[in-house]
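**Student:** Below you'll find the structure I mean.
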Amino acid sequence: MFPINEWGTSMSAAAFENVENEELALHRTANDAATDLANRIANIVRDKPDAVLGLATGGTMEPVYEALIAMNRDGLSFAGVRSFNLDEYLGLDPTHPMSYRATMHRIFFDHVDILPENTHLPNGTATDLTAESAAYENAIRQTGGIDLQILGIGRNGHIGFNEPGSTVNSRTRVVTLAPDTISANSRFFNRTEEQPVQAITMGLGTILEARQIAILATGKSKARALDNAMRGPVTPDCPASFLQDHKSVSWIADNEAADLL
Ligand code: PGA
């Protein structure tokens, strides 16, 4: 049964009967939903100043980082935090402005007191990508594991770059992006020839090992994916549906993304 916030409409418990420690937080606006996620991240960091955060890129997350930057100005410190991003494009140098490494610096890292050496993203230009993937898994393990993994959701139900067909036990690896993902992300690229069609991503197995997960969906383009993820069968056809089996997941949505729930 989902605890819901004060304006949320009541939801059928039967649809979620296998759920133990799950929560759905509904918000009127995308900004309110992003602020909710930022507050949850801040609470983790206050409780555990050396928390390990699993971070995400994507348009949905930009207001989350804006809120965290404001909190940092007001005294919330990230100086002890370690971070691991979900994914990185293959073949983009970390200095390329559209690489997720450069993006994270632009939208978050450069504006807060997190130590650059404590921030991790897979290296999409590594010569040995199998070794790079294994090293990324190992680096996460060395920290003791991710305390909170934040996630967006793709219109096709992907999390990280785990596209439909990804298996529940998948680990960090090279993947080919789905046509819908390439089309959704083309807005970030000036020229189509620059846009990578492959990436290196944490696997579903990697993500599901996080102690807590918070997934944020905003806007009407996410309504179908959110409904499938929360209420559909648990299936590789909708990778986010595997979150239904995680022991501590918060689904955070705005009005538009929650439209079909
Ligand atoms: P978006 O991406 O926030 O840019 O919509 C989310 C995702 O693909 O996970």
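The values are calculated or read from the model by the stated rules, or taken from the named source; none is laboratory data. Small disclaimer: the values here were computed from a predicted structure and weren't measured. Quick reminder, even Gly has a Cβ in these numbers, built from the backbone with ideal geometry, and neighbours come from all protein chains shown.
**Student:** Could you list, ordered by first residue, the pairs with Cβ atoms under 8 Å in which the first is in segment 97-117 and under 20 Å from Phe189 (Cβ atoms) and the second is in a helix (DSSP H, G or I) and at pLDDT below 95, at least 6 apart or interchain?
**Tutor:** Note: pairs meeting the criteria are Met98/Phe188; Met98/Glu194.
**Student:** Same structure, new question: Return the residues of segment 29-67 that are farther than 20 Å from Asn118 by Cα and of a type in the set (Val, Ile, Thr); say none if nothing qualifies.
**Tutor:** Thr29, Thr35, Thr60
**Student:** Working only within segment 205-225, note down all residues that are within 15 Å of Gly154 (Cα to Cα), more than 11 Å from the ligand (Cβ to nearest atom) and surrounded by fewer than 23 Cβ atoms within 10 Å (Cβ to Cβ).
**Tutor:** Matches in segment 205-225: Lys220, Ala223, Arg224.
**Student:** Condition first: under 15 Å from Leu204 (Cβ atoms) and surrounded by fewer than 19 Cβ atoms within 10 Å (Cβ to Cβ). Now tell me which residues in segment 226-243 satisfy that.
**Tutor:** Correct list: Val234, Thr235, Pro236, Asp237.
**Student:** Would you mind telling me which numbered condition in (1) within 16 Å of the ligand (Cβ to nearest atom); (2) modelled with pLDDT of 95 or more; (3) surrounded by fewer than 16 Cβ atoms within 10 Å (Cβ to Cβ) Thr167 fails?
**Tutor:** Of (1) within 16 Å of the ligand (Cβ to nearest atom); (2) modelled with pLDDT of 95 or more; (3) surrounded by fewer than 16 Cβ atoms within 10 Å (Cβ to Cβ), only one is false for Thr167: (1).
**Student:** Out of the residues in segment 248-261 meeting the condition of being part of a loop (DSSP other than H, G, I, E, B) and modelled with pLDDT of 95 or more, tell me which one is nearest to Ser166 (Cα to Cα).
**Tutor:** Ser248
**Student:** Here's another thing I want to ask about it. When segment 45-92 is examined, which residues are found to be assigned to a loop (DSSP other than H, G, I, E, B) and of a type in the set (Ser, Thr, Tyr)?
**Tutor:** Thr57, Ser77
**Student:** Just checking: which of the helices (runs of 4 or more DSSP H) contained wholly in segment 163-236 hold 3 or more residues that are closer than 19 Å to His96 by Cβ?
**Tutor:** Fully inside segment 163-236 and qualifying: 179-185.
**Student:** Could you tell me whether Thr57 is of a type outside the set (A, V, I, L, M), more than 16 Å from the ligand (Cβ to nearest atom), in contact (Cβ under 8 Å) with a residue 12 or more places away in the chain and in contact with a Leu (Cβ under 8 Å, 6 or more places away or on another chain)?
**Tutor:** So Thr57 fails the test.
**Student:** Also, I was wondering about something else. Is there a residue in segment 137-148 that is free of Cβ contacts under 8 Å to residues at least 40 places away in the same chain, in contact with a Gly (Cβ under 8 Å, 6 or more places away or on another chain) and of a type in the set (A, V, I, L, M, F, W, C)?
**Tutor:** Checked against the condition, which is being free of Cβ contacts under 8 Å to residues at least 40 places away in the same chain, in contact with a Gly (Cβ under 8 Å, 6 or more places away or on another chain) and of a type in the set (A, V, I, L, M, F, W, C), segment 137-148 yields no hits at all.
**Student:** Here is a list: Pro196, Pro236. Which entry is more than 10 Å from the ligand (Cβ to nearest atom), of a type outside the set (Asp, Glu) and touching a Phe, Trp or Tyr at 6+ places or on another chain (Cβ under 7 Å)?
**Tutor:** Pro196
**Student:** Then there is this: Say whether the condition of being over 16 Å from the mean Cα position of the chain (by Cα) and over 22 Å from Met104 (Cβ atoms) is met by at least one residue in segment 192-204.
**Tutor:** There is at least one residue in segment 192-204 that is over 16 Å from the mean Cα position of the chain (by Cα) and over 22 Å from Met104 (Cβ atoms).
**Student:** Going residue by residue through segment 130-147, is there one that turns out to be closer than 26 Å to Tyr65 by Cα, part of a loop (DSSP other than H, G, I, E, B) and within 15 Å of the ligand (Cβ to nearest atom)?
**Tutor:** no
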